[in-house]
Amino acid sequence: MGYRACEISVCLDDKRPNLTDAPESEWRDVCARARDLGMEISALQCHMHNGYGDVDPAVRQNCVDHTKRMIDMAGTMGIDIVHTVSGVAEDDAPHDEKLDRVADCYREILKSVGPGSPQIGMEPVFIYVVGNLAHTDALYERLGETPLMINMDPGHFPFHNESPTPFIRKYGSRIIHAHSKDCVITDGAPPPFEEQDPNNLVFPTPDGERTFRFSEPGSGLLDWDEIMQELKAVGFDGVISLEQGHGYLSDPFECAAETYAFFRDRYGLS
């Protein structure tokens, strides 16, 4: 299709194929295969649903330890970026307390970062402890001067009734990698999660009265012309990755081909 880069999933609780528990020989085979195809490995996606925000200290520590192992593996394999998410916190504690947990985990993770180490990114995700601009501000206030960077996914922001543009303007110097999901919001609440197809999840909006669904780039609410203009203005020159498997209604192969054509034809990217 023309893609020149790919991400590799290394998520503890990811049902998609990934290298979490693979021996180093298998890592090397996968990396060699990608590079034989002429593809850069842009990042390891180290996302965990029950992650750094979880109420259980043992769960948090397990996620931190896994992340640190993946940072080491990325360095061994010559992969420059490991990006993460804050994870859910399903207890009733105040949000500030949940942010404190996340900040503590990132402090420990970032001790693994030194000269020549992979860069560590954090992706704000709408259902997690850090999901929008205000949450990101609060996390960085806790961390102070920090090498924590950003994986930017504009598709999450409309859930909070936000544009991604202010986020890009504020944190542009930290954006090292990007995803390209879009989204649609329709009237009417969705069915309960337990009644949904797990491969086709939709989400209730915060008011509980509408339905949020991810979609392929250019098919939803986002103004991609504005997003691309803002990314260019802040000097972003990294990978924009199509992240599949999030309830898109389109066929995955057609979606991949159409997305490549969208960015190639509209913005001259390849």
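The values are calculated or read from the model by the stated rules, or taken from the named source; none is laboratory data. Please read all numbers here as calculations on a predicted model, not as lab measurements. Heads up, the Cβs are rebuilt from the backbone with ideal geometry, glycines too, and the neighbour counts pull from every protein chain shown.
Just a few scattered comments:
- Look at (1) surrounded by fewer than 20 Cβ atoms within 10 Å (Cβ to Cβ); (2) in contact with a helix residue (DSSP H, G or I) (Cβ under 8 Å, 6 or more places away or on another chain); (3) more than 30 Å from D265 (Cα to Cα); (4) among the small types (G, A, S) and you find that G87 fails only one, number (1).
- Candidates E216, E243, E230, E258, filtered to the one that is at pLDDT 95 or above, surrounded by 13 or more Cβ atoms within 10 Å (Cβ to Cβ) and at negative phi: E230
- Given (1) surrounded by 24 or more Cβ atoms within 10 Å (Cβ to Cβ); (2) in a loop (DSSP other than H, G, I, E, B), index of the condition S112 fails: (1)
- Condition check for D225: assigned by TED's automatic domain parsing to the domain that holds S270, over 20 Å from G131 (Cβ atoms), out of contact with any strand residue (DSSP E or B) (no Cβ under 8 Å at 6 or more places or on another chain) and surrounded by fewer than 18 Cβ atoms within 10 Å (Cβ to Cβ): yes
- Test: T76 is of a type in the set (S, T, Y), in a helix (DSSP H, G or I) and crowded, with 18+ Cβ neighbours inside 10 Å: no
- From L201, L222, residue being modelled with pLDDT of 95 or more, over 26 Å from M39 (Cα atoms) and in a loop (DSSP other than H, G, I, E, B): L222
- Filtered residues of the range 12-33 (kept if surrounded by fewer than 15 Cβ atoms within 10 Å (Cβ to Cβ), in a helix (DSSP H, G or I) and either touching a Cys at 6+ places or on another chain (Cβ under 9 Å) or in contact (Cβ under 8 Å) with a residue 40 or more places away in the chain (or both)): E24, R28
- P124 being outside any helix (DSSP H, G or I) and within 25 Å of E90 (Cβ to Cβ): yes
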